[in-house]
1. Just name the residue that is nearest to THR285 (Cα to Cα) out of those in segment 307-316 that are out of contact with any Leu (no Cβ under 7 Å at 6 or more places or on another chain) and open to solvent by less than 40 Å² (accessible area, probe 1.4 Å).
2. Does VAL224 satisfy being outside any loop (DSSP other than H, G, I, E, B), farther than 23 Å from LEU104 by Cβ and of a type in the set (A, V, I, L, M)?
3. Being modelled with pLDDT of 95 or more and within 42 Å of the chain's Cα centre (by Cα) is the requirement here; does GLU262 meet it?
4. Which residue out of THR187, THR195, THR231 is surrounded by fewer than 14 Cβ atoms within 10 Å (Cβ to Cβ) and farther than 25 Å from PRO322 by Cα?
5. Scan segment 292-305 and give yes if some residue there is within 34 Å of the chain's Cα centre (by Cα), surrounded by 15 or more Cβ atoms within 10 Å (Cβ to Cβ), closer than 30 Å to ILE108 by Cβ and not β-branched (Val, Ile, Thr), otherwise no.
6. Given the conditions (1) in a loop (DSSP other than H, G, I, E, B); (2) open to solvent by 60 Å² or more (accessible area, probe 1.4 Å), and given that SER131 satisfies all but one, which numbered condition is not satisfied?
7. Condition test on ASP286, is it part of a strand (DSSP E or B), modelled with pLDDT under 95 and more than 15 Å from LEU228 (Cα to Cα)?
Amino acid sequence: MRESKTLAPRDMRVRFAALRLPACLPRFDRTLHEASDSGTRYCRSRFRKRGKLLRHRRSCADSLGAVKVSHGIVLLGCVALVGAFWLVPSAAGDAETDRQSDTLADAIAYPRQADAAGFARAALATPLGRSNGFGVLEATDLPHDGPRDPMARLVWRIHHERSDTGWNLGSGTFDACYRVEFDYYGTSSGPSRITCPANAAAITPPPLPRRDIPPGFAPALEAVLGRLPATASPQEVRAALASGMPAPPVDPETRLTGIPPEVFVQVRGSDVGVALFARTGVEDTDCMMGRRAGGGVRVWSLSARDQRMELPCSAEAALAAP
């Protein structure tokens, strides 16, 4: 009968080393000789750690499977989005029509307009607007409360033709439509490409008569002031102006007669001051002034710079001018 041998601590370390447990298992900081009575506690601890690691590995495998399923769902969603992108037709346009629309929107944003029809007229008065391939499809006034609120919306169409030779792809002829909104200070949104409305016809807003003061008014005002009697009442000065000033001319493009300017008169003894004032836009004005003082007559106009400096356009200012 073979006698059982009691293993020394060193022999136990050799035996457990022969188990070749995975190197990735965490090792205890305590050494084997700290197991006082036997190596049993050490062995059990090692196998408990191994069991925990195996359970951790199974948990990781389950999580990895869930991640793979999630990645699959995300991938299918991306494929669906890409398919929708290619299946849904995008609005026509290219870099050239984008540039033209940006330039046009900046050009008509100032001077400020009173309504959508004013923006449409301004657009049609530009070189692009006068071309055969341009048309305004919509001019809509928008309800607004403050200066930052959109007040007008335009939709225009640019007919573009390009050669199919070289590296150009797709159709050589297309219609590009753009939508832009304006507030008091300029463009509030756009121009943005949109799908052209089906069978949309270009619109032409009704023209407006001119409101500026024609250059021919200056010699006529000088002549009227020179023919006034030595002493004249304000009513007599107004009557002389009504009969001596020319009627506003007819615009050859719109065939509309211009709007005459407002007339202001001031009489101080034998001196007479006259101001002709016209509002040509939301913020733009035209001003012509005349004065008879000390027997001499002078007529002049306020420049755009003078008007930006808010110099008064009044008969009193005409009399007070040096």
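The values are calculated or read from the model by the stated rules, or taken from the named source; none is laboratory data. This structure is a prediction, so every number in the text was calculated from the model and none was measured. Neighbour counts run over all protein chains shown; Cβ positions are idealised from the backbone, glycine included. For accessibility, only protein heavy atoms count, side chains too; no ligands or nucleic acids. Shrake-Rupley method; radii C 1.70, N 1.55, O 1.52, S 1.80 Å.
1. SER314
2. So VAL224 fits the description; yes.
3. Criteria met by GLU262.
4. Just one listed residue meets the conditions, THR195.
5. Scanning segment 292-305 turns up no residue that is within 34 Å of the chain's Cα centre (by Cα), surrounded by 15 or more Cβ atoms within 10 Å (Cβ to Cβ), closer than 30 Å to ILE108 by Cβ and not β-branched (Val, Ile, Thr).
6. So SER131 meets the others, but not (2).
7. Criteria met by ASP286.
Every residue, every condition in (1) in contact with a strand residue (DSSP E or B) (Cβ under 7 Å, 6 or more places away or on another chain); (2) of a type in the set (S, T, N, Q), yes or no:
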residue: LEU228; (1), (2): yes, no
residue: SER233; (1), (2): yes, yes
residue: PRO252; (1), (2): no, no
residue: GLY258; (1), (2): no, no
residue: PHE264; (1), (2): yes, no
residue: ARG268; (1), (2): no, no
residue: GLY273; (1), (2): yes, no
residue: ARG279; (1), (2): yes, no
